[in-house]
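Engineer: Submitted below is the structure of interest, expressed as structure tokens.
The values are calculated or read from the model by the stated rules, or taken from the named source; none is laboratory data. Note that the coordinates shown come from a computational prediction; the quantities given were computed from them, not determined experimentally. Ideal geometry is used to build each Cβ from the backbone, glycine not excepted, and the neighbour counts take in all protein chains shown.
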Amino acid sequence: MGELINIFIKSAFIENLALSYFLGMCSYLAVSKTVKTAFGLGLAVIFVLAITMPINWAINTYLLGEGGMFGTDLTFLRLILFIAVIASMVQLVEMVVEKYSPSLYNSLGIFLPLITVNCAILGGSLFMVSKEYGFAESVSFGLGGGFGWFLAIIAIAAIREKIRYSDVPAPLRGLGMAFLLTGLMGLAFMSLMGIDLAAFN
Amino acid sequence: MAEAAVAKKQGMTFGKNEKKLLVDPLSTNNPITVQVLGICSALAVTTGMKNSLVMAIAVVFVTMFSSLITSALRNAIPKQVRMIVQLVIIATLVTIVELTLKAVSYDSYKQLSVFIGLIITNCIVMGRLEAFAMGNDPYRSALDGIGNGLGYGVILMAIAFVRELFGKGEFFGLKIIGASPEYWVDTAAEGSWMGWYQPNNLMILFPAAMFVIAVMIWIHRAWKPQLVDVS
């Protein structure tokens, strides 16, 4: 259990998908103009990451590996299968949310399709493979990674809301400022890298 | 939109409109600094010019062929499942690139690791398929794909140039400036005129790419004021 909590904290803060690996930057920069929309997208990312990660883990272990169903090394199909899982999961989540919670659907609606091409999701799955996580670990990694991404987009949206009232040079306004801020936040997050989680056990 | 006007004229001619498709993404409609697409890989792979060049070539290949194929199939793809169809086309092309790179240059393959796979979710590819290839003929879609791939590549190389030169003192892996006799300018040599020089290690870290892109956007928009964000 302690190890799972460790993975959660590590993937949320120390190896933050948005601010340490800079994954999912397209939607991160495009949707962070207000806190409200950033909140919706962040929630959707947590949701999709936590669902796709275990499914992709199962596919990678039971279908593609040498010890899997087909008994041969099929890892060259990994990218196609992973992205198909992500795309169909996003579609499924969209339909379920639309049926059971129309109010959530209305606030998330536009962002759900965007998530398919959010590299944090595919990147998360690929990192999970390269780190050789097990089932429970991949769930924890998915939740933690999603939570870290959620925090990052909320933080930049809050800063961008405030900075609109500042006197920024015209060519740097908007996008340019968002890049600078993300860079500075990335530097701040690097200071968490030295934390040794083994010390907490 | 100019894109819609292009669609009406058919045929394999190369006129003003076709040239525009190739040249526009290099500056006024650049995928990275204007459309804000494909940032992730721009940050991750730009610590060296060699990796950036490999990445740029891979992306040009994928954007060109995915636009071509999607455009050729555009009337046969049902609207509800178009995302999945597009993703499968892109994923197939990326797998081809990945395996080719693994065979041809294993070093680059190791260094680029997951980022070759992440071309699938590079929004430039999806974005151009949605915005252009689904409504235009294959020839022009391929041109648009090449143009956007090149626009991405140019920015990638520019970022990599700054980061590699100031971070490691190298240019395409050639040692230019640093504190050992291997470098062209040896700052550690006795009485060297560059003795004060220290490499800027910040440039190798991820956040530096953000700063470099921000400065590039600044210069680009100061030069072309019509791009300035008014909101």
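Engineer: What are the residues in the stretch A:110-160 that are charged (D, E, K, R) and within 17 Å of A:A30 (Cβ to Cβ), if any?
Structural biologist: Kept after step one, since they are charged (D, E, K, R), are these residues of the stretch A:110-160: A:131-132, A:137, A:160.
Once the filter is applied, which keeps residues that are charged (D, E, K, R) and within 17 Å of A:A30 (Cβ to Cβ), the stretch A:110-160 yields only A:R160.
Engineer: Taking helices (runs of 4 or more DSSP H) that fall entirely within the stretch B:84-145, which contain at least 1 residues that are of a type in the set (A, V, I, L, M) and over 27 Å from B:S27 (Cα atoms)? Give the derivation first.
Structural biologist: Working: elements: B:106-112, B:114-117, B:123-131.
In the stretch B:84-145, B:114-117 are the helices (runs of 4 or more DSSP H) which contain 1 or more residues that are of a type in the set (A, V, I, L, M) and over 27 Å from B:S27 (Cα atoms).
Engineer: Determine whether A:I51 is farther than 30 Å from A:D196 by Cβ and at pLDDT 85 or above. Outline the logic, then answer.
Structural biologist: Values: farther than 30 Å from A:D196 by Cβ: yes; at pLDDT 85 or above: yes.
For A:I51, the condition - farther than 30 Å from A:D196 by Cβ and at pLDDT 85 or above - is met.
Engineer: Any residue at all in the stretch B:59-78 that's small (G, A, S), facing chain A (nearest Cβ under 9 Å) and free of Cβ contacts under 8 Å to residues at least 24 places away in the same chain?
Structural biologist: Going through the stretch B:59-78, the residues small (G, A, S) turn out to be B:66-67, B:71-72, B:76.
Now narrow it down to the ones that are facing chain A (nearest Cβ under 9 Å): none.
No, there is no match, as no residue in the stretch B:59-78 is small (G, A, S), facing chain A (nearest Cβ under 9 Å) and free of Cβ contacts under 8 Å to residues at least 24 places away in the same chain.
Engineer: Restricted to the stretch A:71-95, and to residues that are assigned to a helix (DSSP H, G or I), of a type in the set (G, A, S) and free of Cβ contacts under 8 Å to residues at least 24 places away in the same chain, which residue is farthest from A:L114 (Cα to Cα)?
Structural biologist: Filtering the stretch A:71-95 down to residues assigned to a helix (DSSP H, G or I) leaves A:75-95.
This time we only want the ones that are of a type in the set (G, A, S), so: A:84, A:87-88.
Subsequent filtering for residues that are free of Cβ contacts under 8 Å to residues at least 24 places away in the same chain retains A:84, A:88.
Values: A:A84: 15, A:S88: 13 Å.
Selected residue: A:A84.
Engineer: Could you grab me the full set of residues in the stretch A:96-120 that are farther than 22 Å from B:I90 by Cβ and outside any loop (DSSP other than H, G, I, E, B)?
Structural biologist: Within the stretch A:96-120, A:V96, A:V97, A:E98, A:K99, A:Y100, A:P102, A:S103, A:L104, A:Y105, A:N106, A:S107, A:L108 qualify.
Engineer: In this structure, is A:A50 buried (at least 18 other Cβ atoms within 10 Å of the Cβ), in a helix (DSSP H, G or I), among the small types (G, A, S) and within 14 Å of chain B (Cβ to nearest Cβ)?
Structural biologist: Values: buried (at least 18 other Cβ atoms within 10 Å of the Cβ): yes; in a helix (DSSP H, G or I): yes; among the small types (G, A, S): yes; within 14 Å of chain B (Cβ to nearest Cβ): no.
Answer is no for this residue.
Engineer: Collect the residues in the stretch A:92-126 that are among the polar types (S, T, N, Q) and at pLDDT 80 or above, keeping them in residue-number order. Don't jump to the end; show me each part of the working.
Structural biologist: At the first step, the residues of the stretch A:92-126 found to be among the polar types (S, T, N, Q) are A:101, A:103, A:106-107, A:116, A:118, A:125.
Hit for the stretch A:92-126 is A:S125, nothing else.
Engineer: Tell me which residues, restricted to the stretch A:151-187, are among the small types (G, A, S) and either more than 9 Å from chain B (Cβ to nearest Cβ) or at positive phi (or both). Give the derivation first.
Structural biologist: Step one: list which residues in the stretch A:151-187 are among the small types (G, A, S), which gives A:152, A:155, A:157-158, A:166, A:170, A:174, A:176, A:178, A:183, A:186.
Of everything in the stretch A:151-187, those that are among the small types (G, A, S) and either more than 9 Å from chain B (Cβ to nearest Cβ) or at positive phi (or both) turn out to be A:A152, A:A155, A:A157, A:A158, A:S166, A:G174.
Engineer: Across the stretch A:29-65, what is the number of residues that are in contact with a Ser or Thr (Cβ under 7 Å, 6 or more places away or on another chain) and among the charged types (D, E, K, R)? First the steps, then the outcome.
Structural biologist: Within the stretch A:29-65, the first condition is being in contact with a Ser or Thr (Cβ under 7 Å, 6 or more places away or on another chain), and the residues that meet it are A:31, A:38, A:40-41, A:52-54, A:56-57, A:64.
Cutting the leftovers down to among the charged types (D, E, K, R) gives us none.
Count: 0.
Engineer: Test A:A178 against the stated conditions and say whether it is in a helix (DSSP H, G or I), within 16 Å of the chain's Cα centre (by Cα), under 18 Å from B:I39 (Cβ atoms) and in contact (Cβ under 8 Å) with a residue 24 or more places away in the chain. Steps first, please.
Structural biologist: Numbers: in a helix (DSSP H, G or I): yes; within 16 Å of the chain's Cα centre (by Cα): no; under 18 Å from B:I39 (Cβ atoms): yes; in contact (Cβ under 8 Å) with a residue 24 or more places away in the chain: yes.
It is false that A:A178 is in a helix (DSSP H, G or I), within 16 Å of the chain's Cα centre (by Cα), under 18 Å from B:I39 (Cβ atoms) and in contact (Cβ under 8 Å) with a residue 24 or more places away in the chain.
Engineer: Quick one: A:M128 ticks every box in (1) within 17 Å of the chain's Cα centre (by Cα); (2) more than 13 Å from every other protein chain (Cβ to nearest Cβ); (3) not charged (D, E, K, R) except a single one, so which number is it?
Structural biologist: Among (1) within 17 Å of the chain's Cα centre (by Cα); (2) more than 13 Å from every other protein chain (Cβ to nearest Cβ); (3) not charged (D, E, K, R), the lone unmet condition for A:M128 is (2).
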